[in-house]
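A quick write-up on the structure given underneath.
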Amino acid sequence: MSAVENGIGASVTRKEDQRFITGNGNYLDDINKAGQAYGHFLRSPYAHAKIKNIDLTAARAAPGVIDIFVGADMAADEVGGLICGWGISSKDGSPHVAPPHPCLAMGSVKHVGDQVAFVVAESVQEAKDAAELIEVDYEELPSVTDVRKAGVAGAAQVHDEAPGNQCYDWEIGDKEAVDAAFANAHHVTKMDLINNRLAPNPMEPRAALGEYDRGTGEYTLYTTSQNPHVARLILSAFVNIAPEHKLRVIAPDVGGGFGSKIFVYAEETTTIWASKKVGRPIKWTADRSEAFMTDAHGRDHATHAEMAFDADGHILGFRVATKANMGAYLSTFASAVPTYLYATLLNGQYKMPCIYAEVQALFTNTTPVDAYRGAGRPEATYVVERMMERAARDMNMDPTDLRMKNFIAPDAYPYETPVIMTYDSGDYPQTLNLAKNMISYDGFQARKAESASRGKLRGIGSAAYIEACGIAPSAAVGSLGAGVGLWESAEVRFNPTGSVTVFTGSHSHGQGHETTFAQLIADKLGVPFDNVEVVHGDTTKVPFGMGTYGSRSLAVGGSAIVKAADKIVEKAKKIAAHLMEASADDIEHAHGVFSVAGTDKQLTIGEIAFAAYVPHNYPEDLEPGLAENAFYDPLNFTFPAGTHIAEVEIDPATGVVEVVDWAAADDFGNVINPMIVEGQVHGGVAQGIGQALLEGVVYDDDSGQLLTGSYMDYCMPRADDLPNFKVEATNTPCPSNPLGVKGCGEAGAIAAPAALMNAITDALGKEIDMPATPEKVWRAAQSA
Amino acid sequence: MTSVTMTVNGKSVTRDVEPNTLLVQFIRENLRLTGTHVGCDTSQCGACTVHVNGDSVKSCTMLAVQAEGADVTTIEGLANGDELHPMQEAFKENHGLQCGFCTPGMIMSAVDLVKRNPNPSEDTIRHELEGNICRCTGYHNIVKSVKSAAEKMGG
Ligand code: FES
Ligand code: FES
């Protein structure tokens, strides 16, 4: 229970819900501007082709057409291509290859859906109709989409700049130590694992509305972004749209992101640039089919892993080689995902004496791949936890016993892994035991027998995951190649009558910041929850901030708010001391009440705020007003961890996998709003189950066509595909931030695929790749 | 252009529209009722769900002219003034939404579901909501919301 109403630890219902449940949300496509025109992209129907000619004559003459732009038009304006903001070096020290990434094609197209031309018209329909009249003379070229084939001699070349389609060939860890460990191993487990390609699918499609003001020379871009300031920085400093002070970026209500709305895409860039060219606001809203072709995809790894054990089942060493699909171009943070967000977590929750990982990133004729919920960490957990379970079976041990034997001890923190992370806190045996209790692990054999009596195959599988969140200490990521710092900003601004407006650089697109952050203020400053307003998502209103991804909003953004609140308290103490004629040192503060020690004199923060804005009786040396800014740069990553256990029942006659039970035991450190945290776990697990059972982006191997381009072909988890979830939490507070929080947004998506595939393997007695569709499962069950 | 007249949220509206205008476009663009959303182009997601003559309908599957003379309710018309519909209340109380994008359609479907199944089991709820995709919540709290609303609605 929290000490104050609606404070830290209370499951407060959300402020933002009122507008969403009444249809009063303000999503991008809900916004219209006077004189607005509509944009539509003509996209490549080919995976790879040379553009020999584009004839716009007929299209230009079509009704309602205002203008049409192609790559050369943007190049003539020196509006640059898109960038990747994280530099990775190959083993030989050479920088990663980042071929040009034009917003509109310059002579060639590299994946189905690549932008060829931008039509601006009076209506969406007219823009679409006109686009059909554009005559593009393509020369189709050979393509490659499968990451396992991209590096093979003779594979189609995606970019001249990247021989062998290699973006980089990177390594981490100690190869010699690992070789030595394997030489002494009693047992070695080996696996080849595919981490299937996913389409993120926030329910709100991406959209942009660009407007140029001739009077002020200012651009305003409304965009479906998780990080509007970063978008502004990139569009200004690298893409050359306008100087930062002349570009306002607004991310209004955003209908989900899951990573896919972090990146700066061709569409908003083209839209804002073209708004000046045509002198009118332009709106572009993606169709779902465009989203499938162009929203950055996630995962798509092919991995070979080997783990060495001694005779007692202790891990001796871990060797991993991964091929990571980058798609046709390097998206904004693509290079970091299969390296520093992946291989650095291959240590899992275990004492691993040594690790060696190699990652080869390859270009293919597919949609760019970048961060999607979990970003690299689900891939790492999938490798580690599939290996642990397989190794346990190989060695005839219970998988949870093998984990227990190898866990880092709860008193071993800080714990340095062989892959550059320093875990700060945790209690892995505790979360594993909790999950086992939640799902009645010991009763499984009886349940399995009961299922068998009905002709069903029952399986149970665990995943003990760890992630690095709260990204991230700026100096640390800078040394690893990041082009930006990863701090966060906040302003806590009292109004004269005592209400508070909080400005945050974080961005909420479903996470409930307006509620959680208000709880922080209610708790720290004693301001009634309803009197706190949280403002985010507008570069003109809020201080420069880095945005929301990597489960960082509370650990980093929330910490910035707490720092600003601390400054408020400091100043308020001085004001209180003056008003109560005491020394500031004698002022005690708790939840917004300032009292003089040892007396019954006290003032509330509201009274002090009023005095600060109406400073008739006020300390001489103090500035009036009560508003404080803070920037918070984290000291370390945070390390949420836990165990999820899945139980499934398979009908061998149909191949349908029913998820019959799910136990999630997570350690997120301190929790501000348990209701919201549980919701995040539910959503993450659902996406993880989606990956394991249903989802997968498929390209035709020959033509490079996208075969899963709509909800008819790409199977999204629906209500009747999922179980109810058992969710419980443990708490080892995070020592590196003032709130002791670790982050919860990605955990479910990280843990779930491995847990579920382990359960399916247990049921079938054999391994299959994700997604475990009925067809695959049925085939496996038949040949069992 | 053709003229189309219908009752939306209790008010009679008449507009001139292109004959191929979808009901969802009519609602969003002509009437500027933007609570009804578009999440797909294949009639799969249910974000556009409204009530037409009391039944839930995916408004992207229907032309505006097909709703000539119909009684249409959108999410904006569900509450009784400031008094929320029990389903809206239940979604808030049970954290049945996160980003909120699927929510109007989900609520409209759920109201219809409870109308047809006053006392729905969890299985019924999950099955009936199969036409509405939510990417955020994992449905757990949506199911809880619908159950709780059904109880309050006196099922
Ligand atoms: S927009 Fe109507 S079902 Fe998706
Ligand atoms: S709440 Fe975001 S899609 Fe359902």
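The values are calculated or read from the model by the stated rules, or taken from the named source; none is laboratory data. Predicted model only: the values in this text are computed from it and were never measured. We place every Cβ from the backbone using ideal geometry, glycine too, and count neighbours over all the protein chains shown.
Filtering the stretch B:2-56 to residues that are surrounded by fewer than 16 Cβ atoms within 10 Å (Cβ to Cβ), in a loop (DSSP other than H, G, I, E, B) and more than 10 Å from ligand 1 (Cβ to nearest atom) leaves B:10, B:18, B:19, B:20, B:32, B:53, B:54. Would you check if there is a residue in the stretch A:164-187 being over 30 Å from residue A:419 (Cβ atoms), more than 14 Å from chain B (Cβ to nearest Cβ) and surrounded by fewer than 18 Cβ atoms within 10 Å (Cβ to Cβ)? So far as the stretch A:164-187 goes, no, none of its residues is over 30 Å from residue A:419 (Cβ atoms), more than 14 Å from chain B (Cβ to nearest Cβ) and surrounded by fewer than 18 Cβ atoms within 10 Å (Cβ to Cβ). Scanning the stretch A:450-504 for residues being in a helix (DSSP H, G or I) and either modelled with pLDDT under 95 or of a type in the set (A, V, I, L, M, F, W, C) (or both) gives a total of 7. When the residues of the stretch A:764-780 are filtered to those that are touching a strand residue (DSSP E or B) at 6+ places or on another chain (Cβ under 7 Å) and either closer than 24 Å to residue B:138 by Cα or modelled with pLDDT under 95 (or both), the one that is surrounded by the fewest Cβ atoms within 10 Å (Cβ to Cβ) is A:769. Among the conditions (1) touching a residue at least 24 places away in the same chain (Cβ under 8 Å); (2) more than 7 Å from chain A (Cβ to nearest Cβ), the only one that residue B:95 does not satisfy is (2). Does any residue of the stretch B:117-125 turn out to be closer than 23 Å to residue B:40 by Cα, out of contact with any His (no Cβ under 6 Å at 6 or more places or on another chain), surrounded by 19 or more Cβ atoms within 10 Å (Cβ to Cβ) and at the interface with another protein chain (Cβ under 9 Å from one of its Cβ atoms)? Checking the stretch B:117-125: at least one residue is closer than 23 Å to residue B:40 by Cα, out of contact with any His (no Cβ under 6 Å at 6 or more places or on another chain), surrounded by 19 or more Cβ atoms within 10 Å (Cβ to Cβ) and at the interface with another protein chain (Cβ under 9 Å from one of its Cβ atoms).
Those strands (runs of 3 or more DSSP E) of the stretch A:507-620 in which 3 or more residues are away from ligand 1 (no atom under 16 Å from the Cβ) and in contact with a strand residue (DSSP E or B) (Cβ under 7 Å, 6 or more places away or on another chain) occupy A:532-535, A:593-596, A:602-604. Out of curiosity, is residue B:122 charged (D, E, K, R), away from ligand 2 (no atom under 11 Å from the Cβ) and over 21 Å from residue A:681 (Cα atoms)? So residue B:122 fails the test. When the stretch A:273-296 is filtered for residues that are part of a loop (DSSP other than H, G, I, E, B) and away from ligand 2 (no atom under 16 Å from the Cβ), the ones remaining, listed by number, are A:279, A:280, A:281, A:287, A:296. If you go through the stretch B:91-148 and keep only what is within 16 Å of ligand 1 (Cβ to nearest atom) and aromatic (Phe, Trp, Tyr), you end up with just B:101.
Pairing residues of the stretch B:38-54 that are more than 16 Å from residue A:712 (Cα to Cα) and modelled with pLDDT of 95 or more with residues that are more than 13 Å from ligand 2 (Cβ to nearest atom) and among the acidic types (Asp, Glu), at Cβ distances under 6 Å and at least 6 apart in sequence or on separate chains, gives B:53/B:71.
For the stretch A:47-67, state whether one or more residues are in a loop (DSSP other than H, G, I, E, B) and either closer than 28 Å to residue A:168 by Cβ or in contact with a Cys (Cβ under 8 Å, 6 or more places away or on another chain) (or both).
yes
Scanning the stretch B:35-58 for residues that are more than 16 Å from ligand 2 (Cβ to nearest atom), within 14 Å of chain A (Cβ to nearest Cβ) and over 16 Å from residue A:288 (Cβ atoms) returns B:50, B:51. Taking the conditions exactly as written (of a type in the set (Val, Ile, Thr), in the same structural domain as residue B:9 (by TED's automatic domain parsing) and within 16 Å of ligand 2 (Cβ to nearest atom)), does residue B:61 satisfy them or not? In short, no. Checking A:201, A:195 one by one, the residue that is surrounded by 21 or more Cβ atoms within 10 Å (Cβ to Cβ) and part of a loop (DSSP other than H, G, I, E, B) is A:201 and no other. When residue A:396 is tested against (1) closer than 30 Å to residue A:186 by Cβ; (2) surrounded by 24 or more Cβ atoms within 10 Å (Cβ to Cβ), just one condition goes unmet, and that condition is (2).
For the stretch A:164-207, the candidate set comprises residues that are among the β-branched types (Val, Ile, Thr) and in contact with a helix residue (DSSP H, G or I) (Cβ under 7 Å, 6 or more places away or on another chain); within that set, the residue that is farthest from ligand 2 (Cβ to nearest atom) is A:188.
Within the stretch A:677-730, being facing chain B (nearest Cβ under 7 Å) and over 30 Å from residue A:110 (Cβ atoms) holds for A:679, A:682, A:683, A:685, A:686, A:718, A:719, A:720, A:722, A:724, A:725. Of the set (1) within 16 Å of ligand 2 (Cβ to nearest atom); (2) assigned to a helix (DSSP H, G or I), all apply to residue B:151 but (1). Do we find a residue being within 16 Å of ligand 2 (Cβ to nearest atom), in contact (Cβ under 8 Å) with a residue 24 or more places away in the chain and out of contact with any His (no Cβ under 8 Å at 6 or more places or on another chain) anywhere in the stretch B:6-16? Checking the stretch B:6-16: not a single residue is within 16 Å of ligand 2 (Cβ to nearest atom), in contact (Cβ under 8 Å) with a residue 24 or more places away in the chain and out of contact with any His (no Cβ under 8 Å at 6 or more places or on another chain). Considering the stretch B:57-87, the residues that are among the β-branched types (Val, Ile, Thr) and in contact (Cβ under 8 Å) with a residue 60 or more places away in the chain include one that is nearest to ligand 1 (Cβ to nearest atom), namely B:74.
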